[in-house]
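What follows is a short report on a single structure.
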Amino acid sequence: MRPRVLLAVLCSAGMLAALSACSSEAPPASEAAPTSDAAPPSDAGSASTGSSPGPGPSSPPGLARFYDQRITWEACGENECATLAVPVDYDDPGGPTLDLALLRVPAIGERRGALVVNPGGPGASGTEYAAAASFVVTDEVRRAYDVVGFDPRGVGKSAPVECLSDSDIDALVDSDGTPDDAAEVESLVGIAERFARDCSDAEGEFLDHLSTADAARDLDVLRSALGEERLDYLGISYGTHLGSTYAALFPERVGRFVLDGPLPANLDAEQVTLEQARGFEDALRRFAGHCLREGDCPLGDQVDDPDDQAVDAAVARLGSWLRSLDAAPLPGRTPERPLTEGAATYAVLLAMYNPAYDWPELQAALADAFAGDGVRLQALLDSRLKRDESGAYAGNDVEAFFAISCSDRSVSGGAEAAERLGPEWESVAPTIGRYLAWGNLPCASWRAQTQPPVPASKGAPTILVVATTHDPATPLPWGQALVEQLGDAVLLVRDGDGHTAYREGSPCIDEAIDSFLLDGALPEQGVTCPTEG
């Protein structure tokens with residue numbers, strides 16, 4: 001995350017996935033769509049990862065040729081890249097296949113195994129995440145582990161879902177997320193329905209095979225191809241959902257699992273979004289208090305120790321200003337693209353993920369915006385969405401986010417449900433409740449099959465779950481719920497702001513996670529660590 005380069009986020013079904021990723025040399029490109037050749041690669045190059053791979057006892061029949069693959073790593077800048085064949089449909093292993101893009105950062109010391117990492121999203125590139133291994137994990141972990149990332153199916157270089165033009169994404173980002181009349185509702189519904197239709201037309205039946213359960217099965221094929229009897233795994237944000245799904249499907253193959261920024265599987269789309277509304281509202285209040293203490297704050301006069309009343313007034317001013325953009329958008333980076341209410345709200349929410357860097361940036365951008373200049377706030381949003389000055393978006397994060405989210409959690413009711421939920425959620429989260437209530441429309445219009453999440457279950461070795469007290473995207477109660485669902489799990493808590501805990505300014509957190517990954521030593525249940533600085 002900036003300036004640490006990476007920002008990996010889990011968003012509600014009503015928000016776009018964002019990944020401000022480091023630049024890295026991409027893995028060899030897979031085909032943009034699944035291939036009909038069912039045979040895995042015939043090149044039997046060395047995996048260079050220890051014991052011979054093979055299907056685990058829980059491997060379904062007919063998958064041995066996938067589990068028996070050997071990975072052929074090739075130089076990829078400073079790292080190594082490869083591809084791995086998996087079936088599009090695990091119920092039809094003789095049918096079409098797709099290639100997963102892989103990236104490995106070799107251990108810098110005496111290697112003891114591979115640590116597979118996933119940054120969340122869903123829709124964030126695991127290869128880009130692994131390429132930033134020096135930021136993702138500590139040097140101690142890098143000395144012991146190869147850090148391996150993969151682009152999940154439909155993401156990045158792994159048969160990417162591609163169904164939106166750059167102008168389509170602009171329209172989605174800039175759309176009025178809090179419609180006030182029938183015409184605005186019709187416009188918002190139209191955008192969501194066109195998105196769903198275009199993705200269905202472009203990707204067809206492939207959209208039926210993009211669930212987290214599909215990705216977890218891919219993860220077990222990767223484990224086998226890496227030559228690992230058990231999978232060691234670091235999952236961040238949505239990556240925790242992928243990890244708990246894997247643990248439910250393959251409990252005997254779980255090694256040392258760290259799930260940071262937990263998302264329980266038992267929540268439906270409305271529950272996810274409502275709890276995130278609470279989390280983001282809390283984060284906005286925390287930001288407002290910080291802004292008032294720092295001074296030169298557009299939300300109010302400087303206060304050394306702002307009380308609830310001062311924070312209430314500051315947040316109310318922010319909400320009132322955001323609503324004013326509905327009728328009067330601000331000048332943006334180009335004359336034809338003003339800063340709308342929807343885009344400004346989204347920019348503010350994305351700035352809640354990494355307070356150390358983003359809060360000062362947001363405060364300065366809001367100062368300009370309150371003075372009538374939306375350029376800086378729009379630029380802040382563009383940087384998070386990987387949109388360059390020409391208007392081009394890098395990667396397929398947006399399409400992949402919705403394709404995977406809508407595969408996991410169906411949404412019913414459409415505009416009628418949003419109309420009903422908006423006032424309810426506004427009472428819980430006055431600034432962004434209505435905005436998030438309307439955000440589930442793309443999944444309400446989705447045309448592909450939904451595969452309900454696999455419930456977290458007991459039976460795997462002890463898993464380390466890590467949560468943060470004021471995490472806007474994965475609230476602390478989710479960590480507590482996931483620990484209870486897993487049964488044999490330990491909760492480690494970072495006391496602080498922002499999304500996720502590892503490498504976020506708490507030596508206590510980093511040391512505890514490293515001790516588990518390197519030595520299998522677990523902290524006591526419920527230990528809370530401070531954030532420094």
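The values are calculated or read from the model by the stated rules, or taken from the named source; none is laboratory data. Given the structure is predicted, the values throughout are model-derived calculations rather than measurements. Note that each Cβ is placed from the backbone with ideal geometry, even for glycine, and that neighbours are counted across all protein chains shown.
Just a few scattered comments:
- Residue ID - surrounded by the fewest Cβ atoms within 10 Å (Cβ to Cβ), chosen from residues in segment 513-533 that are in contact (Cβ under 8 Å) with a residue 24 or more places away in the chain and under 19 Å from residue 117 (Cβ atoms): 520
- Criterion (in contact with a helix residue (DSSP H, G or I) (Cβ under 6 Å, 6 or more places away or on another chain), closer than 21 Å to residue 207 by Cα and β-branched (Val, Ile, Thr)) met by exactly one of 105, 117, 88: 88
- Only listed residue being part of a helix (DSSP H, G or I) and charged (D, E, K, R), chosen from 217, 256, 153: 217
- For segment 391-411, taking the residues that are part of a loop (DSSP other than H, G, I, E, B) and touching a helix residue (DSSP H, G or I) at 6+ places or on another chain (Cβ under 8 Å), the one that is farthest from residue 129 (Cα to Cα) is identified as 411.
- Matching residues, segment 378-395, being more than 29 Å from residue 159 (Cα to Cα) and touching a residue at least 40 places away in the same chain (Cβ under 8 Å): 378, 379
- None of 185, 189 is surrounded by fewer than 21 Cβ atoms within 10 Å (Cβ to Cβ), in a helix (DSSP H, G or I), touching a Pro at 6+ places or on another chain (Cβ under 8 Å) and not aromatic (Phe, Trp, Tyr) except 185.
- In summary, residue 199 fulfils each of the numbered conditions (1) part of a helix (DSSP H, G or I); (2) crowded, with 22+ Cβ neighbours inside 10 Å; (3) touching a Gly at 6+ places or on another chain (Cβ under 9 Å) with the single exception of condition (3).
- Matching option when the condition is crowded, with 21+ Cβ neighbours inside 10 Å, within 30 Å of residue 85 (Cβ to Cβ), in contact with a helix residue (DSSP H, G or I) (Cβ under 7 Å, 6 or more places away or on another chain) and not polar (S, T, N, Q), among 149, 177: 149
- Near pairs, Cβ below 8 angstrom, 6+ apart or cross-chain, from segment 191-204 (of a type in the set (Val, Ile, Thr)) to any residue that is not in a helix (DSSP H, G or I): 191/175
- Residue within segment 365-376 that is at pLDDT 95 or above, surrounded by fewer than 21 Cβ atoms within 10 Å (Cβ to Cβ), of a type in the set (Lys, Arg) and assigned to a helix (DSSP H, G or I) present: yes
- Within segment 460-501, the set of residues being in contact with a strand residue (DSSP E or B) (Cβ under 9 Å, 6 or more places away or on another chain), assigned to a loop (DSSP other than H, G, I, E, B) and more than 15 Å from residue 238 (Cβ to Cβ) comprises 460, 461, 462, 488, 498, 501.
- Residue 506 vs. criteria under 19 Å from residue 257 (Cα atoms) and at pLDDT 95 or above: no
- So residue 139, is it surrounded by fewer than 19 Cβ atoms within 10 Å (Cβ to Cβ), more than 19 Å from residue 329 (Cβ to Cβ) and at pLDDT 95 or above: yes
- Scanning segment 487-497 for residues that are within 15 Å of residue 464 (Cβ to Cβ) and either modelled with pLDDT of 95 or more or of a type in the set (Ser, Thr, Tyr) (or both) yields a count of 6.
- Some residue of segment 426-441 being in a loop (DSSP other than H, G, I, E, B), of a type in the set (Ser, Thr, Tyr) and surrounded by 22 or more Cβ atoms within 10 Å (Cβ to Cβ): yes
- In segment 345-361, of all residues being assigned to a helix (DSSP H, G or I) and of a type in the set (A, V, I, L, M), the one that is farthest from the chain's Cα centre (by Cα) corresponds to 356.
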